[in-house]
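*Asks:* The structure's right below; bear with me while I get my questions together.
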Amino acid sequence: MKNLLFLIAVLISTTSIAQTYVKMDLPASMQSKYTTRTTTYETITKDVMVKSKDGKVSQKGKVRMVIPDKGEGLITMEFTENILTVGKFKADALVTASAKTKNSEVPEGLTACLAWCNENYTDANGEKIRGRGSCKFGCWLGTTIRVIEVGIKVIEVVSPFLKQ
């Protein structure tokens, strides 16, 4: 009985630990011209499993993005603190990486990826189809990890990629 109570206490304590999110600073090329006050949007949170590039550390964390229904930019992007720790990067990593190129430059491949999401997740009436936000989430996550050249690789998006 003591073992069962101990196991229940451990499960409760490990599932109730709050994860701290860190809001990433976005360069102008990644920012949406819309805000949560001026457009409809989706807030998408996905569990991700990341591994340090040397393979020594694996960590489960979360990525949260606020993606406007219109346009191609992001309203916000946040990582849980533990992902930043494993990847050894800070909230200003995107702005720093952007400064190495032209700030107005959209990262390579992102435009095509977002266009694919719009084409495949828009109905004949031009209305958004369920899954477009998650598709764009995948574009932004892959681009972000590549652009900031952090010391992690995303080895798994734990929640189903195109389901919300």
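The values are calculated or read from the model by the stated rules, or taken from the named source; none is laboratory data. In this text, all values refer to a predicted model and were calculated from it rather than measured experimentally. Heads up, the Cβs are rebuilt from the backbone with ideal geometry, glycines too, and the neighbour counts pull from every protein chain shown. What goes into the accessible areas is simple: the full protein's heavy atoms, side chains included, and nothing from ligands, DNA or RNA. Shrake-Rupley method; radii C 1.70, N 1.55, O 1.52, S 1.80 Å.
*Asks:* On the full set of protein chains, 1.4 Å probe, figure out the accessible area of residue 41 and give it in Å² to the nearest 10.
*Replies:* Residue 41 has an accessible surface of roughly 100 Å² with all protein chains in place.
*Asks:* Sticking with this structure for a sec: Quickly work out the residue 31-to-residue 54 label distance, labels modelled 7 Å from Cα along the C-beta direction, and quote it in nm with one decimal.
*Replies:* Here the answer is 3.7 nm between the modelled labels.
*Asks:* Toward the positive end of the charge dipole of the range 39-94, about the Cα centre and with charges on Cβ (Lys, Arg +1; Asp, Glu -1), which of 83, 94, 45 goes farthest?
*Replies:* 83
*Asks:* Still on this structure, I have one more. Quick check: pseudo-label points 7 Å beyond the Cα along Cα→Cβ at residue 120 and residue 146, how many nm apart are they?
*Replies:* It is 1.5 nm.
*Asks:* Next question. Kindly write out, for the range 45-56 in residue order, the coupling ³J(HN,Hα) from the Karplus curve 6.51 cos²θ - 1.76 cosθ + 1.60 (θ = phi - 60°), rounded to whole Hz, with x marking Gly and Pro.
*Replies:* 10, 10, 7, 10, 10, 10, 9, 4, 4, 7, x, 7
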